[in-house]
Amino acid sequence: MQWDVFICHASEDKKDFVTPLALALKQLGLKVWYDNFTLRLGDSLRQSIDRGLADSKFGIVVLSHAFFEKDWPQYELDGLVEKEGSGIKVILPIWHGVTKQEVRRYSLSLSNRKAVSTSDGLEKVVSAIIEAVSHELSIPKEPKATQTLQTMQLRSRPVYNLSDDDLKKMLTEKDFFHWFWNRTGKGIRHNYNATERTRVKLVIDSITGLTWQQSGSDDKMRYEDALDYIDKLKRDNFGGYNDWRLPTLAETMSLMEAKMHGDLYIDPVFDSKQKFIWTADQESAGKAWYVLFQLGYCYNDDINSFNFVRAVR
């Protein structure tokens, strides 16, 4: 398999930065070689790493104090340096809690490369990586805003530090219903069209321009597994499309109705099984937003909790 990026890092940096980074890149459609995603029980560590290094177009190197002290990250870095022997840029440095002087003491050549720092926030780091690799990879772009007054443009790129205040602002601006924070919100007057393609049911909304799964996942799952579920939809060309993704919080809250239909605050055109679904947006590292249609609001929770998935495109 050909990977877009290989993440070279120290295990000590997984929880606070590397795992959220890997999830964010995967959410944007990149094929990410990350040991937590890729290695399976019984795999040879060295052989798997060697294949990952050989088959990846870019190498993200998370430089930290822990990185400087470990042998495995150095082994991976050596492999990436070898790939650059032909003059092609491969290494994308990220400074995680280190200064230029500390990087310089570790490697003069690395200190002279343009880098991005995790102190700028995950969203800035992800944007810098996307900018660096976009000339080589096909990455979906934000759709152009429509000029038709009857339609509504919603953010499609995920946010990785979406706060309660950001949510409240969005609810007010879009007039979305939320049981606690905007109970007077009227929501969107949708124009849904239930259709079927390649024997799967879809719902097309001409107001937002979005196409939704009519149903969704059969089972509740963790956030990381939700991304795998999306990847499978794309590989299977679900409904004849290969650009499925997790919806942003704005897109998902657009489905929230201001009154209940049966026992859910969502139009009955959708399957009632998916009572609460993941969104692409995160509140912080390790916490993602989800929407509860049976209660009429949204919340953020640990990415290891379990929710359904309803994909959008």
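Sort out which residues of region 189-203 are aliphatic (A, V, I, L, M) and either more than 21 Å from I277 (Cα to Cα) or in contact with an Asp or Glu (Cβ under 8 Å, 6 or more places away or on another chain) (or both), and write them in order of number.
So in region 189-203, the residues aliphatic (A, V, I, L, M) come out as 194, 200, 202-203.
Within region 189-203, just L202 meets the criteria.
Here are some conditions: (1) surrounded by 13 or more Cβ atoms within 10 Å (Cβ to Cβ); (2) under 28 Å from A288 (Cα atoms). K15 meets all but one. Which one does it not meet?
(1)
Condition first: under 24 Å from A288 (Cα atoms), surrounded by 18 or more Cβ atoms within 10 Å (Cβ to Cβ) and in contact with a helix residue (DSSP H, G or I) (Cβ under 9 Å, 6 or more places away or on another chain). Can you find one or more residues in region 48-61 that meet it?
First, the residues of region 48-61 that are under 24 Å from A288 (Cα atoms): 60.
Checking which are surrounded by 18 or more Cβ atoms within 10 Å (Cβ to Cβ) leaves us with 60.
Filter once more, keeping what is in contact with a helix residue (DSSP H, G or I) (Cβ under 9 Å, 6 or more places away or on another chain): 60.
Yes: one or more hits.
Considering region 107-137 alone, what residues qualify as being free of Cβ contacts under 8 Å to residues at least 40 places away in the same chain, part of a loop (DSSP other than H, G, I, E, B) and closer than 19 Å to L28 by Cα?
S134, H135
Please go through (1) crowded, with 16+ Cβ neighbours inside 10 Å; (2) modelled with pLDDT under 95 for T252 and return the number of the only condition it doesn't satisfy.
Condition (2) is where T252 drops out.
Can you list the strands (runs of 3 or more DSSP E) found entirely within region 1-106 that contain at least 1 residues being among the aromatic types (F, W, Y) and without any contact (Cβ under 8 Å) to a residue 40 or more places away in the chain?
Values: elements: 3-8, 56-63, 91-95.
Hits in region 1-106: 91-95.
Could you grab me the full set of residues in region 291-302 that are within 20 Å of the chain's Cα centre (by Cα), aliphatic (A, V, I, L, M) and surrounded by fewer than 20 Cβ atoms within 10 Å (Cβ to Cβ)? Break it down into steps so the answer makes sense when it comes.
Filtering region 291-302 down to residues within 20 Å of the chain's Cα centre (by Cα) leaves 291-292, 298-302.
In the following step, the residues that additionally are aliphatic (A, V, I, L, M) were identified as 291-292.
Passing the criteria: only L292.
How many residues are under 17 Å from M253 (Cβ atoms) and touching a helix residue (DSSP H, G or I) at 6+ places or on another chain (Cβ under 9 Å) if we restrict to region 182-211?
In the first step, residues of region 182-211 are kept if they are under 17 Å from M253 (Cβ atoms); the result is 182-190, 192, 203, 205, 207-210.
Subset that is touching a helix residue (DSSP H, G or I) at 6+ places or on another chain (Cβ under 9 Å): 182, 185, 187-188, 208, 210.
Number satisfying all stated conditions: 6.
Output yes when any residue across region 193-205 is β-branched (V, I, T) and within 21 Å of V159 (Cβ to Cβ), and no when none is. Walk me through how you get there before you give the answer.
Of all residues in region 193-205, those β-branched (V, I, T) come to 195, 198, 200, 203-204.
Still in the running and within 21 Å of V159 (Cβ to Cβ): none.
No - not one qualifying residue is present in region 193-205.
Can you name every residue in region 62-111 that is hydroxyl-bearing (S, T, Y) and either surrounded by 15 or more Cβ atoms within 10 Å (Cβ to Cβ) or under 27 Å from L45 (Cβ atoms) (or both)? Let's see the steps before the verdict.
Going residue by residue through region 62-111, those that are hydroxyl-bearing (S, T, Y) are 64, 75, 86, 99, 106-107, 109, 111.
Within region 62-111, S64, Y75, S86, Y106, S107, S109, S111 meet the criteria.
When residues of region 112-125 are filtered for being at pLDDT 90 or above and buried (at least 17 other Cβ atoms within 10 Å of the Cβ), how many remain?
Of the residues in region 112-125, 5 are at pLDDT 90 or above and buried (at least 17 other Cβ atoms within 10 Å of the Cβ).
With the condition kept exactly as written, say whether any residue in region 204-223 is touching a residue at least 40 places away in the same chain (Cβ under 8 Å), assigned to a helix (DSSP H, G or I) and either surrounded by 17 or more Cβ atoms within 10 Å (Cβ to Cβ) or touching an Asp or Glu at 6+ places or on another chain (Cβ under 6 Å) (or both).
Yes, region 204-223 has at least one match.
Out of the residues in region 224-237 that are of a type in the set (D, E), part of a helix (DSSP H, G or I) and out of contact with any strand residue (DSSP E or B) (no Cβ under 9 Å at 6 or more places or on another chain), which is surrounded by the fewest Cβ atoms within 10 Å (Cβ to Cβ)?
Within region 224-237, the first condition is being of a type in the set (D, E), and the residues that meet it are 224-225, 228, 231, 236.
Those still in the list that are part of a helix (DSSP H, G or I) too: 224-225, 228, 231.
Add one more test, that the residue is out of contact with any strand residue (DSSP E or B) (no Cβ under 9 Å at 6 or more places or on another chain), and what stays is 224-225, 231.
Details: E224: 16, D225: 17, D231: 14.
Only one residue fits best here, namely D231.
The values are calculated or read from the model by the stated rules, or taken from the named source; none is laboratory data. Bear in mind the structure is a predicted one, so any value in this text is a computation, not a measurement. We place every Cβ from the backbone using ideal geometry, glycine too, and count neighbours over all the protein chains shown.
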